Amino acid sequence: TGRVYYPFRRELHAAERLVYDPKLPLILCFDFNVAPGVCAVIQEFPTYRGSNPAVDVTKSVTCVIDEVFCPTDSSTARISREIISRYGNHLGDVLCYGDASGGARHTSQVEGSDWSIVEKLLRPVFGRPRTRPGDGDFEIRVPNANPRERVRINAVNSRLQSADGKVHLLVDPRAVHVVQDFEGVTYRAGTSEIDKKSSPTLTHLSDALGYYVNYEFPTTEHVFQVTQF
C-alpha cells in the first residue's frame, strides 16, 4: 500500500542477469548525497536477449546493469572514482544524467559543484581522444531544472510497464539497492509526495533513474533547456 513504483515486481523486472556491452553507450545516473552516495548504471539494449515474455521486443529496453552505492562518508569524487575503476576501459559513449541542482550545490566544500567534479574526473577518462575503432565520447545531459516529482514518477512507472502491459525497464538482481528502492519507496501518509524520511537508504537511486527516464522517455513534453558542462 502506498508504493510509489507500483508496477515493479521482482519476479518480472529483476529476474535475470543482464549482460554489459562495452560498445553500447554507458549511462550514468547521479543523485548527489553523502549518505548514501549513489549512481545507477544503465544501458539501452536495442535488441532484447533475455527470456521475459512481457518485454516489448519491438523497442529498446532500459537495463539497469549495475549500481554504485556508498552507504556513508561518500562524495561525488568517490563515486566517480569507483565508476572509473569499474568501467574505465569502456569503448562506447558515456552519458551522464541526474540531479540538476548538483550544478549549484556540492558534497565537497573544497572541490566545487557536483557536476563540475563529475566533469573534472570523468571527462579525462571517457572524453579523451580515442584511437580505437568505435571508441565513444563523454557527455553530460542535465536540464536547467529538475522535473516535478509527479512527472518523474509517471515517466518511471510508464517505463516499468506501459498501459499495454509491456515491460520497458529491467534491473539486474545484483543491483540490490535499485530493487529495494522500487519495492520500498512509498508516499507520505495522506499525500502524493515521496516519503524521504522512512529510510535513509531509500529514494536516492530511484530518483537518479527518474532523472534519466524523464529526460529520454518523458510522458509530457519537455519545457526546459539543456546546459552542457
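Quick notes on this one:
- 177, 13, reordered so the largest accessible area comes first (probe 1.4 Å): 177, 13
- Scanning residues 5 or more positions from residue 96 or on other chains, those with amide H under 5 Å from its amide H are 28, 139, 140, 141, with H placed 1.01 Å from N in the peptide plane.
- Of the solvent-accessible surface of the chain, computed with a 1.4 Å probe over protein heavy atoms with every protein chain present, carbon and sulfur atoms account for 52 percent.
- In this simple spin-label model, placing a label point 7 Å from the Cα along the Cα-to-Cβ direction at both residue 60 and residue 180 gives a separation of 3.0 nm.
- With all protein chains kept in place, the per residue accessible area of the stretch 152-193 amounts to 40 square angstrom at a probe of 1.4 angstrom.
- One chain, two ends: residue 220 and residue 34. Fully extended at 0.36 nm per residue, the span grows by 63.8 nm beyond their Cα-Cα distance.
- Under the simplified labelling scheme, the residue 192-residue 17 pair shows an inter-label distance of 4.2 nm, with each label point 7 Å from Cα along Cα→Cβ.
- For the chain, radius of gyration divided by Kirkwood radius, i.e. Rg to Rh on alpha-carbons: 0.94
- Where the stretch 7-119 is the region considered: accessible area per residue in Å², 1.4 Å probe: 41 Å²
- Most simply put, the chain has about 60% antiparallel DSSP beta bridges, counting only bridges with both residues inside it.
- Between residue 101 and residue 139, residue separation times 0.36 nm minus the direct Cα-Cα distance comes to 11.9 nm.
The values are calculated or read from the model by the stated rules, or taken from the named source; none is laboratory data. Since this is a predicted model, take the numbers as computed values, not measurements. All Cβ positions, glycine included, derive from the backbone under ideal geometry; neighbour counts span all protein chains shown. The area values use the complete protein model at the heavy-atom level, side chains included, leaving out ligands, DNA and RNA. Shrake-Rupley method; radii C 1.70, N 1.55, O 1.52, S 1.80 Å.
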